[in-house]
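**Q** One structure coming up, written as structure tokens, with questions to follow.
The values are calculated or read from the model by the stated rules, or taken from the named source; none is laboratory data. This is a predicted model, so every value here is computed, not measured. Cβ coordinates were reconstructed from backbone atoms using ideal geometry, including for glycine residues, and neighbour counts include every protein chain displayed. Only protein heavy atoms, including side chains, enter the accessible area calculation; ligands, DNA and RNA are left aside. Shrake-Rupley method; radii C 1.70, N 1.55, O 1.52, S 1.80 Å.
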Amino acid sequence: MHKKDYFDEKAAKWDTLIHDEVINRLQDMVRELALSRGSKVLDLGTGTGVLVPMLIEAVGPSGVVVAIDFAPQMLAEAKKKYQWPNLEFLEGDAEDIPLADQAVDEVVCNSAFPHFDDLKRAANEMARVLRSGGRVSVFHPHSRVYINDLHVSLGGAVRNCLIPEEKVMYAIFSEAGFENITLEDMPQRYLLSGRKV
Ligand SMILES: C[S@@+](CC[C@H](N)C(=O)[O-])C[C@H]1O[C@@H](n2cnc3c(N)ncnc32)[C@H](O)[C@@H]1O
């Protein structure tokens, strides 16, 4: 099964699979990002929009959230739940992001990066749509080992969706044009952050 169909099939039940503890971790992570009020944030691989209300609250009414996913059913679930004048949903692929160069201040990508087929291409696209000095934050509410074990045990379309080891992640993001790259990997969170040169 293609990954897009896999996620579309799961869309209606997706939110029931996300526990309160995971929401709490994500809220903490978004709070720690300290997004500037008024900033324009891309939520790449938004799914059912789990991060959307957190991002909208963080950027405030003068900010903008653009939420992109390639699976129409996931987006449909997100759209049912969330409508704000400063929220835009777009169907599109992380490897060919439907935004202009330097269109956003921040890219956040929760629990989606290892699902992209070509990780280098997705990182390059994140760099392209970020303004100079803008920040990428790739995260998961679990460690790398937990996520990779989960995907292997789920099998099928996500079996090969693995977060590369640390030095490979550094290489992917530095070659894409990011600097000041940091990576935290612990039981309750995985977070790679970098600044577009
Ligand atoms: C595990 S879900 C996470 C969704 C959401 N970020 C969350 O926190 O719940 C991964 C999402 O990435 C999306 N996705 C996977 N590959 C993609 C791609 N190449 N381009 C855009 N979205 C993609 C899937 O459709 C799915 O909605």
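**Q** So for region 154-164 (the condition being hydrophobic (A, V, I, L, M, F, W, C) and touching a strand residue (DSSP E or B) at 6+ places or on another chain (Cβ under 6 Å)), does at least one residue qualify? Even if it seems obvious, please write down each step before you answer.
**A** At the first step, the residues of region 154-164 found to be hydrophobic (A, V, I, L, M, F, W, C) are 154, 157-158, 161-163.
From what's left, touching a strand residue (DSSP E or B) at 6+ places or on another chain (Cβ under 6 Å): none.
Scanning region 154-164, I find no residue that is hydrophobic (A, V, I, L, M, F, W, C) and touching a strand residue (DSSP E or B) at 6+ places or on another chain (Cβ under 6 Å), so the answer is no.
**Q** Let me ask something else about it. So which residues in region 56-69 are open to solvent by less than 80 Å² (accessible area, probe 1.4 Å), part of a helix (DSSP H, G or I) and not β-branched (V, I, T), if there are any at all?
**A** Going through region 56-69, the residues open to solvent by less than 80 Å² (accessible area, probe 1.4 Å) turn out to be 56, 58-60, 63-69.
Remaining after also requiring part of a helix (DSSP H, G or I): 56, 58-59.
Answer for region 56-69, where residues must be open to solvent by less than 80 Å² (accessible area, probe 1.4 Å), part of a helix (DSSP H, G or I) and not β-branched (V, I, T): just A58.
**Q** Could you run through region 120-136 and say how many residues are in contact with a strand residue (DSSP E or B) (Cβ under 6 Å, 6 or more places away or on another chain) and within 12 Å of the ligand (Cβ to nearest atom)?
**A** So the count comes out to 1.
**Q** Kindly establish whether V138 is in contact with a Ser or Thr (Cβ under 9 Å, 6 or more places away or on another chain) and open to solvent by less than 10 Å² (accessible area, probe 1.4 Å). Show your work before the answer.
**A** On the way: in contact with a Ser or Thr (Cβ under 9 Å, 6 or more places away or on another chain): yes; open to solvent by less than 10 Å² (accessible area, probe 1.4 Å): yes.
Criteria met by V138.
**Q** When you go through V129, V168, V152 one by one, which is the residue that is open to solvent by less than 30 Å² (accessible area, probe 1.4 Å) and either modelled with pLDDT under 95 or not small (G, A, S) (or both)? Before you say what the answer is, go through the steps one by one.
**A** On the way: V168 fails: open to solvent by less than 30 Å² (accessible area, probe 1.4 Å); V152 fails: open to solvent by less than 30 Å² (accessible area, probe 1.4 Å).
Testing whether each residue is open to solvent by less than 30 Å² (accessible area, probe 1.4 Å) and either modelled with pLDDT under 95 or not small (G, A, S) (or both) leaves just V129.
**Q** Taking region 1-18 as the search range and keeping residues that are at pLDDT 95 or above and away from the ligand (no atom under 11 Å from the Cβ), which one is nearest to R189 (Cα to Cα)?
**A** So the residue we want is T16.
**Q** Can you give me the number of residues within region 37-55 that are away from the ligand (no atom under 13 Å from the Cβ) and either charged (D, E, K, R) or open to solvent by 70 Å² or more (accessible area, probe 1.4 Å) (or both)?
**A** So the answer is 2.
**Q** Does V107 satisfy being more than 10 Å from the ligand (Cβ to nearest atom), modelled with pLDDT of 95 or more and within 20 Å of I56 (Cβ to Cβ)? First the steps, then the outcome.
**A** On the way: more than 10 Å from the ligand (Cβ to nearest atom): yes; modelled with pLDDT of 95 or more: yes; within 20 Å of I56 (Cβ to Cβ): yes.
Considered against the rule, which asks whether it is more than 10 Å from the ligand (Cβ to nearest atom), modelled with pLDDT of 95 or more and within 20 Å of I56 (Cβ to Cβ), V107 comes out as yes.
**Q** Could I ask something else about it? Tell me which of these I147 doesn't satisfy, since it passes every other one: (1) closer than 17 Å to F70 by Cα; (2) within 15 Å of the chain's Cα centre (by Cα).
**A** (1)
**Q** Among the residues of region 73-92, is there at least one that is within 24 Å of G177 (Cα to Cα) and within 13 Å of the ligand (Cβ to nearest atom)?
**A** In the first step, residues of region 73-92 are kept if they are within 24 Å of G177 (Cα to Cα); the result is 92.
Remaining after also requiring within 13 Å of the ligand (Cβ to nearest atom): 92.
Scanning region 73-92 turns up at least one residue that is within 24 Å of G177 (Cα to Cα) and within 13 Å of the ligand (Cβ to nearest atom).
**Q** Only one of (1) under 27 Å from R159 (Cα atoms); (2) within 15 Å of the chain's Cα centre (by Cα); (3) open to solvent by 40 Å² or more (accessible area, probe 1.4 Å) is not met by P72, so which one is it?
**A** (2)
**Q** Out of all the residues in region 4-31, which are charged (D, E, K, R) and either surrounded by 13 or more Cβ atoms within 10 Å (Cβ to Cβ) or in contact with a Lys or Arg (Cβ under 9 Å, 6 or more places away or on another chain) (or both)? Give the steps one after another, and end with the answer.
**A** Within region 4-31, the first condition is being charged (D, E, K, R), and the residues that meet it are 4-5, 8-10, 13, 15, 20-21, 25, 28, 31.
K4, D8, E9, K10, D15, R25, D28 - these are the residues of region 4-31 that are charged (D, E, K, R) and either surrounded by 13 or more Cβ atoms within 10 Å (Cβ to Cβ) or in contact with a Lys or Arg (Cβ under 9 Å, 6 or more places away or on another chain) (or both).
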